[in-house]
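The structure appears right after this line, and notes come after that.
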Amino acid sequence: MSYNSFGKLLQVTTFGESHGPMIGCVIDGFPAGMEISTGEIKAELRRRATGKSRHTSQRREKDDVQIVSGVFEGQTTGMPIALLIENIDARSKDYSLIKDQFRPGHADFTYWHKFGIRDYRGGGRSSARETTMRVAAGMLAKKWLKNHFNIVITAWLEQLGDIKIDKKDLSLIDDNPFFCPNSTQIPDLESYMDRLRKKGDSVGANIGVQACNVPIGLGEPVYAKLDAEIALAMMSINASKGVEIGAGFDSVGQYGSVHRDEIIDGEFQSNYAGGILGGISTGQDILANVAFKPTSSLRLPAKSIDKFGNNVTVVTKGRHDPCVGIRAVPIVESMMALTLMDHILRNNAVCGKY
Ligand code: EPS
């Protein structure tokens, strides 16, 4: 009943805490015969890593991943793939002042009330450090999806605070620290983030994601609809507060005559459905957006209580992300990849085909 695993036929279990000796994952159900190296996983981990620019947490983790099981002579063997990463740059003393206090807006409060114990060092298990392993596992899934179906998954920054990104060229996302698909807006993002950091505040972000070349038929009626499982995948990421599929909440204001995606000569004329009808993929691109809240670990004083019920003023020290949504881009891609790969394997089980 602890739910540290994700997926049914492709199942990823993650473990470890932000300031523990190491983090890791076990990927069970991954098919045999795919070539994989630590170098490929590390390259993907680098996309998510802290300390790459002044706009994210300055904690410097090498994310030197070790493959300790499930790969032989450079290929997956069909056995559980176990990956480990040592934590080498945790500064637990930053957290000593808040060890009995709850940061407003943070999982500190609920973890303490639920478990009666909390690893206050960096938020323990509730830390975004855990997402490292999702990206490691997601890298394998992305490669498998590309190899077998030419499925390509791309996420990008759609909005940061009140800055909306327009005119998107997705080929640019890895050329800048924001995963921004429009290079002309990068100076605005830089100055926005510099002002925010000086103030000591944080802000949210909207991350867009698409999956291209997804076959028709993925998703299981009725409690494992593809859109429901994508929403679960995305909402399980730290700080996520909302998921939209296709037109999402905008569909509330649309007429049915507009929202329905007409078909001419076998071609959909629009994609308000986001590539999913009745919980099953249509063969169109899967389109989703994920909202990330502003992070709650701030040096700006805030009113809260401690675990004894006393009123306190909380100030958080340490190296925190002023916009955790930026680093969420590779995590969103990974969760999409793990969901789609799991559903392809499930589709094979239900319909007897890949
Ligand atoms: C995080 C706080 C910071 C981030 C961390 C997530 O770490 P610390 O525990 O040192 O204060 O650096 O992110 C990572 C280390 C990572 O690899 O993503 C938090 O509060 O979630």
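The values are calculated or read from the model by the stated rules, or taken from the named source; none is laboratory data. These numbers come from a predicted model, not from an experiment. We place every Cβ from the backbone using ideal geometry, glycine too, and count neighbours over all the protein chains shown. The protein model used for the area step is the full one, side chains on, heavy atoms only, and it has no ligands, DNA or RNA in it. Shrake-Rupley method; radii C 1.70, N 1.55, O 1.52, S 1.80 Å.
Remarks
- Selected residue (only one of 98, 81, 151 is within 28 Å of residue 10 (Cβ to Cβ), touching a residue at least 60 places away in the same chain (Cβ under 8 Å) and open to solvent by less than 30 Å² (accessible area, probe 1.4 Å)): 151
- Only listed residue being touching a helix residue (DSSP H, G or I) at 6+ places or on another chain (Cβ under 9 Å) and farther than 24 Å from residue 60 by Cα, chosen from 99, 114, 167: 167
- From the options 235, 193, residue that is aliphatic (A, V, I, L, M) and either surrounded by 16 or more Cβ atoms within 10 Å (Cβ to Cβ) or in contact with a Cys (Cβ under 8 Å, 6 or more places away or on another chain) (or both): 193
- Within the option set 27, 88, being within 16 Å of residue 128 (Cα to Cα) and either within 16 Å of the ligand (Cβ to nearest atom) or open to solvent by less than 30 Å² (accessible area, probe 1.4 Å) (or both) holds for one residue only, 88.
Residue-by-condition table, conditions (1) within 16 Å of the ligand (Cβ to nearest atom); (2) assigned to a helix (DSSP H, G or I); (3) among the β-branched types (Val, Ile, Thr):
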| residue | (1), (2), (3) |
| --- | --- |
| 105 | yes, no, no |
| 109 | yes, yes, no |
| 124 | yes, yes, no |
| 135 | yes, yes, yes |
| 140 | no, yes, no |
| 177 | yes, no, no |
| 180 | no, no, no |
| 185 | no, yes, no |
| 192 | no, yes, no |
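- Residue 40 away from the ligand (no atom under 11 Å from the Cβ), open to solvent by 50 Å² or more (accessible area, probe 1.4 Å), assigned to a helix (DSSP H, G or I) and touching a helix residue (DSSP H, G or I) at 6+ places or on another chain (Cβ under 9 Å): yes
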